[in-house]
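The values are calculated or read from the model by the stated rules, or taken from the named source; none is laboratory data. Worth saying up front: this structure is predicted, and the values here are computed from it rather than measured. Cβ atoms come from the backbone with ideal geometry, glycine included; neighbour counts cover every protein chain shown.
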């Protein structure tokens, strides 16, 4: 225990004297907390520009255009004389979709024959595609419902009965766990968990491997285990504070749903941080220079976010890739913490992810102990070789005079 506490003290003091490590372990956490969520403050994409092709130029066609422009998701920004001209506006990026009203639209409506309205949306950008399609479809649907209700009223049906006849089974939608249906609530909480993992791995990589000789004498594996345990304790305590800051303050500051209990969240965060810190200590022995930790680990962020299963569904991944991805702590931690923090899942509902994270923590602890011991062993051999070379240099050079042999009697 004294060795563990000594390793903990040395790591804390060493990190405080290391500006590069402090910038990653503390500064990056604070910077990302407000820098990353800020572009998504509006949550929902609104007022997407739409081009209108009105070939009818009638009272009803202008009314439909006004209803489309009044929708909160879209705005009529351009009026084109033909469909080809409107398509050019979409290709130039000046419009995200097109509303095309054919000639004879009002005549068809008044005659009671089907009238065709063209709705085109740019599907190369899914957010734009969804908003344009939703806005135009709702505007056209509302216009169509109004025409149908007016026709039923003309036949002598009361307005209330006409509305019930037009929509006998009203659909009421209530989004679960993301009331605003916003992009920020969807993506930011998961990315914040990944930021905790990646900054912790990079920070440990910058700190490098510890000097096991500072823990005194004794079996090498025992000193390595004490070093891994003590150093991990320092990182886990620091990042426990970061986790409380992210989930308790940042989430509420940006209006993200927080419904989970503290016990379930803590039961996930503890093995997640342990597994990540042990993994970082195991990987730190691979970096000959501290800058290599940033170069090597920075590029793992994008694969980790995709393998976590919230930006791309795990059901659409190959089975072997899903199995391999379980070796990354964030793969289990991100979906489990999202279910706890945003959906209010209980401890029993995330017990499988907790078991996986504890298994990773044990496996990475053993790996880190063996890796640190192997590095210390190699460093000891290198020091012994250098000492032997220096000793040889201090020896006097051998005499160049020939040796005289005594004659035996």
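Residues that are more than 35 Å from the chain's Cα centre (by Cα) and under 20 Å from residue 73 (Cα atoms): does segment 119-135 have at least one? No, segment 119-135 contains no residue that is more than 35 Å from the chain's Cα centre (by Cα) and under 20 Å from residue 73 (Cα atoms).
Select, from 301, 348, 352, the only residue that is surrounded by fewer than 19 Cβ atoms within 10 Å (Cβ to Cβ), closer than 20 Å to residue 192 by Cα and assigned by TED's automatic domain parsing to the domain that holds residue 246.
On the way: 348 fails: closer than 20 Å to residue 192 by Cα; 352 fails: closer than 20 Å to residue 192 by Cα.
Just a single option satisfies the conditions, and that option is 301.
Test each condition in (1) modelled with pLDDT of 90 or more; (2) in contact with a helix residue (DSSP H, G or I) (Cβ under 8 Å, 6 or more places away or on another chain) for residue 237 and report the one that comes out false. So residue 237 meets the others, but not (2).
Counting only residues that are farther than 20 Å from residue 68 by Cα and in contact with a helix residue (DSSP H, G or I) (Cβ under 7 Å, 6 or more places away or on another chain), segment 138-156 holds 2 of them.
Can residue 104 be described as free of Cβ contacts under 8 Å to residues at least 40 places away in the same chain and out of contact with any strand residue (DSSP E or B) (no Cβ under 6 Å at 6 or more places or on another chain)? So residue 104 fails the test. One residue stands out in segment 321-344 among those that are at pLDDT 90 or above, more than 15 Å from the chain's Cα centre (by Cα) and outside any helix (DSSP H, G or I): the one that is farthest from residue 275 (Cα to Cα), namely 326.
Out of everything in segment 254-288 that is assigned to a helix (DSSP H, G or I) and free of Cβ contacts under 8 Å to residues at least 60 places away in the same chain, what residue ends up being surrounded by the fewest Cβ atoms within 10 Å (Cβ to Cβ)? Give the derivation first.
Within segment 254-288, the first condition is being assigned to a helix (DSSP H, G or I), and the residues that meet it are 262-284.
The next check asks that each one be free of Cβ contacts under 8 Å to residues at least 60 places away in the same chain; those that pass are 262, 266, 270.
Values: 262: 12, 266: 14, 270: 17.
Looking at the filtered set, the residue picked out is 262.
Restricting attention to segment 231-248, the residues that are within 18 Å of the chain's Cα centre (by Cα) and touching a residue at least 24 places away in the same chain (Cβ under 8 Å) total 6. Among the residues making up segment 81-108, those that are crowded, with 18+ Cβ neighbours inside 10 Å and under 22 Å from residue 131 (Cβ atoms) are 86, 89, 90, 95, 96, 97, 98, 99, 100, 101.
For residue 226, the criteria (1) closer than 29 Å to residue 43 by Cβ; (2) crowded, with 22+ Cβ neighbours inside 10 Å hold in every case but one, which is (1).
Which is under 15 Å from residue 46 (Cα atoms) and crowded, with 18+ Cβ neighbours inside 10 Å, of 121, 162?
Numbers: 162 fails: under 15 Å from residue 46 (Cα atoms).
Within the list 121, 162, the selection yields 121.
Please work out if residue 355 is free of Cβ contacts under 8 Å to residues at least 60 places away in the same chain and assigned to a loop (DSSP other than H, G, I, E, B).
On the way: free of Cβ contacts under 8 Å to residues at least 60 places away in the same chain: yes; assigned to a loop (DSSP other than H, G, I, E, B): no.
So residue 355 does not fit the description; no.
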